[in-house]
1. Of everything in region 1-40, what is over 16 Å from residue 111 (Cα atoms), in contact with a Lys or Arg (Cβ under 9 Å, 6 or more places away or on another chain) and at pLDDT below 95? Give them in sequence order.
2. Any idea which of (1) touching a residue at least 60 places away in the same chain (Cβ under 8 Å); (2) of a type outside the set (D, E, K, R); (3) closer than 19 Å to residue 60 by Cα is the one residue 29 doesn't satisfy?
3. Between a residue in region 1-20 that is free of Cβ contacts under 8 Å to residues at least 12 places away in the same chain and any residue that is open to solvent by 50 Å² or more (accessible area, probe 1.4 Å) and charged (D, E, K, R), which pairs come within a Cβ distance under 8 Å, given they are 6 or more apart or on different chains?
4. If I ask for residues that are surrounded by 13 or more Cβ atoms within 10 Å (Cβ to Cβ) and farther than 16 Å from residue 49 by Cα, which ones from region 62-84 would you list?
5. Within region 24-43, can you find the residues that are more than 12 Å from residue 92 (Cβ to Cβ) and open to solvent by 60 Å² or more (accessible area, probe 1.4 Å)?
6. Restricting the search to region 95-120, which residues are small (Gly, Ala, Ser) and either modelled with pLDDT of 95 or more or touching a Ser or Thr at 6+ places or on another chain (Cβ under 7 Å) (or both)?
7. Of the residues that make up region 44-61, is at least one open to solvent by 20 Å² or more (accessible area, probe 1.4 Å), touching a helix residue (DSSP H, G or I) at 6+ places or on another chain (Cβ under 9 Å) and touching a residue at least 24 places away in the same chain (Cβ under 8 Å)?
8. Just for region 1-23: of the residues that are hydrophobic (A, V, I, L, M, F, W, C) and more than 13 Å from the chain's Cα centre (by Cα), which one is least open to solvent (accessible area, probe 1.4 Å)?
Amino acid sequence: QVQLVESGGGLVQVGGSLRLSCAASGRTFSNYAWFRQAPGLEREFVGVYDWSGGLTYYADSLKGRFTISRASAKNTVNLQMNSLKPQDTAVYYCAAGSIYSVRPEDMEYWGKGTLVTVSS
């Protein structure tokens, strides 16, 4: 069974950095994406990564603070988050599939999420 597991969430101060990881079991996906959802808000696109070409695309609202990259671990990508703000507080979800997309409905597999809390 395909499984995505996020890790690296936790508590961080405003202006700090955090690195999340998404590990896929059994295979490498063509595309990995990150989404987030804060309490009471809609699910929000964070970024997407093309495994083969290393292409990335990020939500404009994140203004380049977040970076997705290939990790050294097998079938794993990282989400590096810098200059964190309180509004970055959310559950961060990893998703994967065959489509390079900003839409959650295009994703085939999802992790359970990891909580990131940014304190002011």
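1. none
2. Every condition holds for residue 29 apart from (3).
3. none
4. Within region 62-84, 82, 83, 84 meet the criteria.
5. Selection gives 26, 27, 39, 40, 41, 42.
6. Once the filter is applied, which keeps residues that are small (Gly, Ala, Ser) and either modelled with pLDDT of 95 or more or touching a Ser or Thr at 6+ places or on another chain (Cβ under 7 Å) (or both), region 95-120 yields 95, 96, 97, 98, 101, 111, 113, 119.
7. Checking region 44-61: at least one residue is open to solvent by 20 Å² or more (accessible area, probe 1.4 Å), touching a helix residue (DSSP H, G or I) at 6+ places or on another chain (Cβ under 9 Å) and touching a residue at least 24 places away in the same chain (Cβ under 8 Å).
8. Per the stated criteria, the residue is 12.
The values are calculated or read from the model by the stated rules, or taken from the named source; none is laboratory data. Predicted model, so just to flag it, every value in this text is computed and none were measured. Note that we place each Cβ from the backbone using ideal geometry, even for glycine, and neighbour counts take in every protein chain shown. Quick note on the areas: whole protein, heavy atoms, side chains included, nothing else; ligands and nucleic acids left out. Shrake-Rupley method; radii C 1.70, N 1.55, O 1.52, S 1.80 Å.
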